[in-house]
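Written below as structure tokens is the structure these notes are about.
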Ligand SMILES: Nc1ncnc2c1ncn2[C@@H]1O[C@H](COP(=O)(O)OP(=O)(O)O)[C@@H](O)[C@H]1O
Ligand SMILES: [Mg+2]
């Protein structure tokens, strides 16, 4: 007889093995194509080098637009999240309200940003606007949840203490509730802004504005050296964003 | 002599509770006295003090605080609240704010609404807050965030906030229960001394008879929501306190905390 834990491990490894076999057998992998593609891949990579530095203008224009999309999308998400967070908070509303609102937020989080962007391009046309709307919508799923947790994390006792000292509702909000919430809200908002900036780099690929637009354009017109330059720029931007985020996060904890 | 507290036939049952937390309680405390409310865990000390602070409604009986009757149906008007100061058992401080900011919070009810909302204290308020911190022996902790302080230091901040409020009546709910015996005596000593220096009446609850004897002029014993005795400290007999704690040892329902 196998012990229950061994049995659990056996089931898990069997499931993983079955999943891999199923994928291999039922997908038309055609490994043979990979072998014959050697020269083509060499050619493809060869044409990316050396990256074409003349696209600096496009990189600057694209990055600036991506930054604007991230800023305005984040602003939209903050504005949407504020009322939704109250409706998703255990301490502000009854279960009948926060239950469905939380389910809605989970649903929003589950829709990939690129999918929302494609739908928005269909709805409002090409350009940064669908990107901004998509970022605002997608980010709200996470931000409203974080804000709701910030609201629920506020301890009641200091509020009661200020009321006992004769402080009115506005004064209690300012001196008992806000000091508890503000650092959490600031940290969550910066964290989400960083994600928005990073995720909106690729929005242009589906026509929703920003630097990703140039990657898609150059690949379609076989200008791989230019596509390579833009890709390097995107990677560089991600690294810069990450570095800024690390320093900011240190300040808010 | 004017009365700081007058309670007549007060009863109260918590919402959802079977037994009353307070039952037919009556006593008076003249202005300027320092009184201990002594009783085991669950006796009704917190309930009685919170009720006197105007934070509990729905009781029966007659209660007057600082000469003004409490309304059993609604909290007292905001203008009267700064006159009653409260030291909370679990401190109730804003953890992310500094000690000074927390002590200044005690001034909010005395500041103009404009200054209170802006959080810009006048020099006068700052003076009072710094004096309160110094009286509690923590002047040097003013700029420290409360979440970086020890339990004993927080206790002092909580007392300093109450003193900065300049209350005429200080209600303190087990203000030293989080401290070791030596520190407990020291902190209770400075609190009662500060109350006397400000001509304030003080009513503090405790589950420790020795502390009540050392710092109160009068001791009111409470057990299961009823007043067991109400005597000047010099007349308190040992068997009276023993009777107060009868049967409140560690029982399966209450757990070891009830021994305190
Ligand atoms: N919010 C509440 N709801 C129901 N019962 C309560 C509540 N607060 C206190 N009680 C009960 O009232 C009684 C007195 O409690 P409390 O005033 O906290 O006593 P003490 O401060 O002396 O330990 C206890 O039996 C307690 O269980
Ligand atoms: Mg208590």
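Kindly state, to the nearest 0.05, the FRET efficiency for residue B:150 paired with residue B:122, given R0 = 25 Å and r defined as their beta-carbon distance. Step by step, r from the Cβ atoms, then E = 0.20. Note on the protein assembly as shown: helix-only mean residue ellipticity at 222 nm, from DSSP H runs of 4+ residues weighted -39500 (n - 2.57) and normalised by residue number, equals -17500 deg cm²/dmol. The modelled label-to-label distance between residue A:107 and residue A:14, using points 7 Å beyond Cα along the C-beta direction, is 3.8 nm. Computed with the Debye formula from one identical point scatterer per Cα of the protein assembly as shown, without solvent, the log10 of I(q)/I(0) at q = 0.09, 0.11 Å⁻¹ comes to -0.81, -0.99. The order of the peptides A:101-114, B:6-19, A:215-228 by mean Cβ neighbours within 10 Å, most packed first, is A:215-228, A:101-114, B:6-19. For the peptide A:46-57, the mean number of other protein chain Cβ atoms found within 10 angstrom of a residue's Cβ is 0.
Largest GNM mean-square fluctuation across A:173, A:79, A:203, computed for chain A with C-alpha springs under 10 Å, falls on A:173. Note on chain A: GNM, Cα springs under 10 Å; of A:30, A:199, A:65, the largest mean-square fluctuation is that of A:30. Evaluated at q = 0.11, 0.12 Å⁻¹, a Debye calculation over the C-alpha positions of segment B:1-243 (equal weights, vacuum) places log10 I(q)/I(0) at -0.56, -0.67.
Helix A:38-48 and the longest principal axis of the C-alpha atoms of chain A enclose an angle of approximately 60°. Taking the C-alpha atoms only, the angle from helix B:123-135 to the longest principal axis of chain B is near 50 degrees. The angle between the Cα long axis of helix A:128-152 and the main principal axis of chain A comes to about 40°, on a 0 to 90 degree scale.
When the alpha carbon gyration tensor of segment A:1-69 is reduced to an equivalent ellipsoid, its three semi-axes come out at 47, 25, 10 angstrom, largest first.
If R₀ is 51 angstrom, what is the calculated FRET efficiency for the pair residue A:220 and residue B:143, using the beta carbon separation as r and rounding to 0.05? About 0.25, to the nearest 0.05.
When both bridge partners sit in segment B:1-243, DSSP labels roughly 55% of those beta bridges antiparallel.
With the cut-off at 27 Å, report for chain A the share of all Cα pairs above it, as a whole percent. Percentage above 27 Å: 58. Counting Cβ atoms of other protein chains within 10 Å of each residue's Cβ and taking the mean over peptide A:180-187 gives 1.
Counting only other chain Cβ atoms within 10 Å of each residue's Cβ, the peptide B:74-81 averages 2. When chain A is treated as a GNM with alpha-carbon contacts under 10 Å, the residue of A:161, A:150, A:17 showing the greatest mean-square fluctuation is A:17.
Every number in this text was worked out from the coordinates using simple rules, so none of it is lab data. Worth saying up front: this structure is predicted, and the values here are computed from it rather than measured. Methodologically, a virtual Cβ is constructed for each residue, glycine included, from the backbone with ideal geometry; neighbour enumeration extends over all protein chains shown.
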